[in-house]
C-alpha cells in the first residue's frame, strides 16, 4: 500500500502502480467469481450490465440481445478474468488497468442495483442487515478504487 499519495497512480513509464490494501484485494478476489456466475447464467441480478434499449418492444429487445448479447458478455468476462488474474499485481500495463476499471465498475453496478442504492443512501440504511451492510461497505470501497483509477488515468 502506498504510504504517501493515492494507492493507484500512473508511473512515468506509462504503467500504473497499484498499492491496494490486502483486505481490498481479498474483497475483489471474493466478488469476482460471484459476478462471473451471475453473468454466465444471465441472472437478472446483473441486468444493469446488459442494457435493453427497447424496454417497450420485446421482439426488438430479443433481436438486440441476439446481436450484441454474447459480445457484451464476453467483454465483461474478459475484464473479470483480467482483474482476477492480476488482483495481486503492484504494476499494471494500461490494457490491464482499463480492464480493472471495467470489472470494478461492473461489480459496483451490480452491488448498487442489488442494494437499490441512490445518491441519498447512507450507512444507516443498511445497518440493520449484516449482509447488506457488508455489501454496502464493498460498494463504497469499490467506488473509492474507481475514483483512484479515474484520477490515475
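Where a number appears in this text, it was derived from the coordinates with a stated rule and is not lab data. Only a predicted model underlies this, so the values are computations on that prediction, with no experimental measurement involved. Positions of Cβ are generated from backbone atoms using ideal geometry, with glycine treated the same way; all protein chains shown enter the neighbour counts.
Could you grab the relative contact order for the chain? Cα pairs under 8 Å, six or more apart, rounded to a whole percent.
Details: 138 pairs, mean separation 45.8, N = 153.
Computed value for the chain: 30 percent relative contact order.
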Degrees, to the nearest 10: 130-152 long Cα axis against longest axis of the chain: 70 degrees
Helix axis angle, 58-86 relative to the chain longest principal axis, alpha carbon, degrees: 20 degrees
Whole-Å distance, taken between Cα centres, linking the range 43-86 and the range 135-153: 22 Å
Candidates 111, 62, 31, ranked by Gaussian network fluctuation over the chain, Cα under 10 Å, top entry: 62
R0 of 22 Å, Cβ-Cβ distance residue 52-residue 147: FRET efficiency to nearest 0.05: 0.15
Using distinct alpha-carbon pairs, which all enter the 1/r mean, Kirkwood radius of the chain in Å: 16.7 Å
Helix-only [θ]222 nm of the chain, DSSP H runs n ≥ 4, -39500 (n - 2.57) each, per residue, nearest 500: -21500 deg cm²/dmol
Of 65, 22, 130, the one that fluctuates the most in a GNM where the chain has Cα springs shorter than 10 Å: 130
Residue of 110, 78, 68 that the Gaussian network model of the chain assigns the largest fluctuation, springs spanning Cα pairs under 10 Å: 68
Degrees, to the nearest 10: 94-115 long Cα axis against longest axis of the chain: 60 degrees
